[in-house]
Amino acid sequence: MAQIKRKNFIKLLGLILAILISFFILLFKDKFANLKNYGYLSIFLLNLLGNATIILPAPAILATYAGGGIFNPIIVGLLSALGATIGEITGYLAGYSSRYLIDDKKIFSKIQKWMDKYGLWTVFVLAIIPNPFFDVAGIIAGIIHLPLPFFLLVTLAGKTIKFLAVSFLGAGSASVLQGLK
């Protein structure tokens, strides 16, 4: 009995933590704009913070695009993917902590079916595609208690592909624009 109460307390704590992180990021989003002066570190942090919000998308991918045009696009892509992956832990924690987040929503049930059928491949594909639904995949991964290391590894693989592509697009765009001068 005490073990069940402890587990429920830990789950509730995880949910509260995920909500507080999202609230904190939204509350201080203007302060985070000053991070752009810190180069690679700012790209990492902007992607971490931008992906730590639950369901409320933050345009962190723009930092990767712009950073790719300014800095080494490989480093920008890798740091963006790492920051974004760590940021996705909040969605996972929210799902791990509570099933109440996803009752009778159409997109949730669709992604739940994909997760049931394809497992980690769903996480991988959704991590590659720029879309606002990855948080849903993270929440569902938490709900079904997908082991966190597997979730993070597959998320990192997908986000690395996505952010390297975005970073190289930024680098290519910067080259084209400089050629027009």
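Each value in this text was obtained by applying a stated rule to the coordinates, not by laboratory testing. None of the values given here were measured: they were computed from a predicted structure. Positions of Cβ are generated from backbone atoms using ideal geometry, with glycine treated the same way; all protein chains shown enter the neighbour counts.
In order along the stretch 87-97, the phi-based Karplus estimate (6.51 cos²θ - 1.76 cosθ + 1.60, θ = phi - 60°) of 3J(HN,Hα) comes to x, 5, 4, 5, x, 4, 4, 4, x, 4, 7 Hz; Gly and Pro are listed as x.
By the count of other C-beta atoms within 10 Å, a proxy for reagent exposure, Ile143, Ile74 are ordered fewest to most as Ile74, Ile143.
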